[in-house]
1. Among the residues of the stretch 258-266, are any part of a loop (DSSP other than H, G, I, E, B), closer than 27 Å to residue 139 by Cα and modelled with pLDDT of 95 or more?
2. Find the residue count for the stretch 197-255, including only residues that are in contact with a Phe, Trp or Tyr (Cβ under 9 Å, 6 or more places away or on another chain), acidic (Asp, Glu) and either surrounded by 18 or more Cβ atoms within 10 Å (Cβ to Cβ) or farther than 30 Å from residue 158 by Cβ (or both).
3. At pLDDT 95 or above, of a type outside the set (Asp, Glu), crowded, with 23+ Cβ neighbours inside 10 Å and assigned by TED's automatic domain parsing to the domain that holds residue 69: does that describe residue 32?
4. I'd like the residue in the stretch 288-308 that is of a type in the set (A, V, I, L, M) and crowded, with 17+ Cβ neighbours inside 10 Å and, out of all such residues, is farthest from residue 97 (Cα to Cα).
5. So the check is Cβ under 7 Å with 6+ separation or different chains; which pairs have a first residue in the stretch 138-163 that's more than 11 Å from residue 103 (Cβ to Cβ) and a second one that's part of a strand (DSSP E or B)?
6. So residue 193 clears everything in (1) in contact (Cβ under 8 Å) with a residue 40 or more places away in the chain; (2) out of contact with any Pro (no Cβ under 6 Å at 6 or more places or on another chain) except one condition, right? Which one?
7. For residue 141, all conditions in the list (1) over 22 Å from residue 37 (Cα atoms); (2) assigned to a loop (DSSP other than H, G, I, E, B) hold save one; what is the number of the exception?
8. Does residue 108 count as of a type outside the set (Val, Ile, Thr), at pLDDT below 95, outside any strand (DSSP E or B) and surrounded by 21 or more Cβ atoms within 10 Å (Cβ to Cβ)?
Amino acid sequence: MSEIILHQYDRSPFARKLRAAFGIKGVTWRSADVPSMPPRPALSLLAGGYRRIPVLQLGADIFCDSNLALRVLETLVASPPLTLPGDTLSIPVSQWFEPRLFSAFSVLRFRKREDLKGVFESPEEGAAFGRDRAAFMAPMMDISKNAENAPTALAHAASFAAWIEDVLGHAGDFLLGAAPSFADLSAWHPFFWFKGSSAQRELLADYPRLWAWVDRIEAFGEGQRSAIDPDQTLAIARAAEPCYRFADARPSPIDPALGTRVSVAPTDYGVDPVVGELVSIGRDHVSVRRATSETGDVVVHFPRWGYRVLPA
């Protein structure tokens with residue numbers, strides 16, 4: 001198996017979700033740290049300009065979106081499993097709740113000046129981040145209206161928190177019982193992002209089971225991590241051949257034909273398209289082949305849910 005490389009930056013909540021999975025499974029992995037804002041030259045070459053973090057790399061196979069990366073990780077490191085018998089929560093939490101709640105949590109995470117401490121090295125960096133994310137979050141939300149949207153965001157976040165508190169009251173340590181699952185990770189990382197912030201202390205403090213659950217998942221750690229220079233990941237891709245295969249590789253009658261040139265882009269935010277040759281498509285994935293002199297042939301994989309596939 002190719003070594004597991006995660007292109008990420010530490011304060012990304014979605015990257016933290018993957019790192020929690022590494023901790024649960026005891027994974028040894030390489031961290032290709034990137035800035036919180038582009039430019040990210042090596043990652044852009046590998047992933048075709050895809051903007052979201054994290055991105056998982058296995059040789060010349062590049063996996064975009066944290067939910068797809070979790071599914072791939074499950075095929076690589078089966079034990080302990082995150083796919084549990086009788087799981088009715090992981091799909092609705094990861095596909096419906098998580099992306100919608102992310103916008104609400106973003107409004108609340110930096111509600112006071114104290115919440116910015118230690119996040120940016122300078123006020124100028126913070127301002128640049130805000131300008132970058134204003135475009136990045138379109139069309140899902142207009143971050144210039146965060147103050148106006150805060151009461152609604154809090155109502156949604158509190159409703160989600162109360163639901164988790166209730167589920168944990170009868171399920172046990174985790175949402176499906178005694179062991180963590182995909183549902184836990186998708187529901188957990190926004191609250192971990194809140195930990196220690198004014199939102200936790202002043203708005204969402206009254207959920208003791210929830211915050212104990214946040215600590216419980218954090219205690220798994222992040223696996224065995226070592227650094228890798230992002231430029232080294234280009235050589236790794238160039239020396240490998242794309243080889244990952246999905247089990248559900250059956251096109252539908254209205255899907256583009258294999259071999260055609262397509263663009264793939266998220267439907268909610270960070271909607272920069274990735275263009276390539278369609279090499280595999282099914283109910284749960286879409287894969288396109290790309291090539292540059294720096295990377296050689298790579299295949300970039302996306303989940304089907306939440307992404308648009310169009311002829312290029």
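The values are calculated or read from the model by the stated rules, or taken from the named source; none is laboratory data. Model, not experiment: these values are computed from the prediction. Note that each Cβ is placed from the backbone with ideal geometry, even for glycine, and that neighbours are counted across all protein chains shown.
1. no
2. 1
3. Against the criterion (at pLDDT 95 or above, of a type outside the set (Asp, Glu), crowded, with 23+ Cβ neighbours inside 10 Å and assigned by TED's automatic domain parsing to the domain that holds residue 69), residue 32 qualifies.
4. Ranking the qualifying residues of the stretch 288-308, first place goes to 298.
5. 138/269
6. Every condition holds for residue 193 apart from (2).
7. (1)
8. It is true that residue 108 is of a type outside the set (Val, Ile, Thr), at pLDDT below 95, outside any strand (DSSP E or B) and surrounded by 21 or more Cβ atoms within 10 Å (Cβ to Cβ).
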